[in-house]
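Below: one structure, written as structure tokens.
The values are calculated or read from the model by the stated rules, or taken from the named source; none is laboratory data. Fair warning: this is a prediction, and the values are worked out from it, not measured in the lab. Neighbour counts are summed over all protein chains in view; Cβ atoms, including those assigned to glycine, are modelled from backbone coordinates with ideal geometry. Ligands, DNA and RNA are excluded from the accessible area calculation, which covers all protein heavy atoms including side chains. Shrake-Rupley method; radii C 1.70, N 1.55, O 1.52, S 1.80 Å.
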Amino acid sequence: MASVEDIDRLDPNLKNILDQTSLKWIFVGGKGGVGKTTCSCSLSIQLAKIRTSVLIISTDPAHNISDAFDQKFTKVPTKVNGFDNLYAMEIDPNVGIGELPDEYFDEQSAFSLGRSMMQDVMQALPGIDEAMSYSEVMKLVKSMNFDVVVFDTAPTGHTLRLLAFPSIVEKGLGKILRLKNHISPFVSQVAGILGMSDFNTDDMTRKLEEILPVIRQVNEQFRNPEQTTFVCVCIAEFLSLYETERLVQELTKSNIDVHNVVVNQLVLLPSGQKPCKMCEARHKIQAKYLEQIEDLYEDFHVTKLPLMEHEVRGISQIKKFSEFLVHPFDPNQDKPSLLG
């Protein structure tokens, strides 16, 4: 339990993440509809001010970062308009190898020699296809040497599965490589029957052996608090608070660092201003759960973000909103509008 003095020293912002220059992987997650994408895009903009290169990856099939930045992104890292060192990409962790673009495979790749056959083989092994797809994505990200990678994750359940992927892939690939000597003759025979004389099991094995160290390294880094951290985003309501607590417990169980909670969409009123009945009712409900959040996460950095008068969309508005991650919103000085 942190002492009162320690609690007082924990700033109510995400400056601690910006100051921790050793961080390589930053996950932003929480319940659906709490503003994860706005927070992750805002955080990536703040990081781009101090890091040499930043990549934000959306792993949510809904892919909201294209809408947030008002720019279309694909499965390949693309520079965000107006930035020299901020890139974005959108991937679906559930896609298979056949759906990855050609940029993921070099011409000599064993996978390129028989991708359709690989898909058929993968379909017989549940989960392996998407795991291999994830492996290729991570390999591409690692090869491009981004200074820091921000994950805009899908709702909680998918996020926990994504974080477990490196260890699942590591175990799966290890088993495949151990079985290599037993299955190589069979695979060669099948390739011959299908007229794929160029298909070489040694090439396939080499590809797997290339991926395994990358995944092993990512697996180690995800569990290293110096290199990986998770930012939980929630709103001051019962279901969101419940989901956040479940997420924090699962992350702690998985040895993944988490010490930041962002409470979004708060009705923050200037002193002396009489709110309408609706705002007053929302303010009372939020005050109740905000108190619980501060009690539960007294040894966390709790960042409070305001409910804006309009949706936060476009680079200009996200840039302005991102300042509230570093300099807390003051209802007596700041306006809940980013227009103009």
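Here are a few things to note about the model shown:
- Hits in the range 244-253 (condition: open to solvent by less than 40 Å² (accessible area, probe 1.4 Å) and either more than 16 Å from F27 (Cα to Cα) or among the hydroxyl-bearing types (S, T, Y) (or both)): T244
- Flag for R282 being under 25 Å from F222 (Cα atoms), surrounded by 12 or more Cβ atoms within 10 Å (Cβ to Cβ) and in contact (Cβ under 8 Å) with a residue 12 or more places away in the chain: no
- Complete set of residues in the range 23-52 that are open to solvent by 10 Å² or more (accessible area, probe 1.4 Å) and assigned to a loop (DSSP other than H, G, I, E, B): K24, K31, G32, G33, G35, K49, I50, R51, T52
- The residue of the range 289-340 that is most open to solvent (accessible area, probe 1.4 Å), among those that are in contact with a His (Cβ under 8 Å, 6 or more places away or on another chain) and not charged (D, E, K, R), is L339.
- Restricting N260, N255 to residues that are under 19 Å from the mean Cα position of the chain (by Cα) and in a loop (DSSP other than H, G, I, E, B) narrows the list to N255.
- Output for the range 55-92, where each listed residue is touching a residue at least 60 places away in the same chain (Cβ under 8 Å) and under 13 Å from the mean Cα position of the chain (by Cα): L55, I56, I57, S58, T59, D60, P61, N64, I65
- The condition of being in contact with a strand residue (DSSP E or B) (Cβ under 6 Å, 6 or more places away or on another chain) and at pLDDT 95 or above holds for only one of V28, V80, V34, that being V80.
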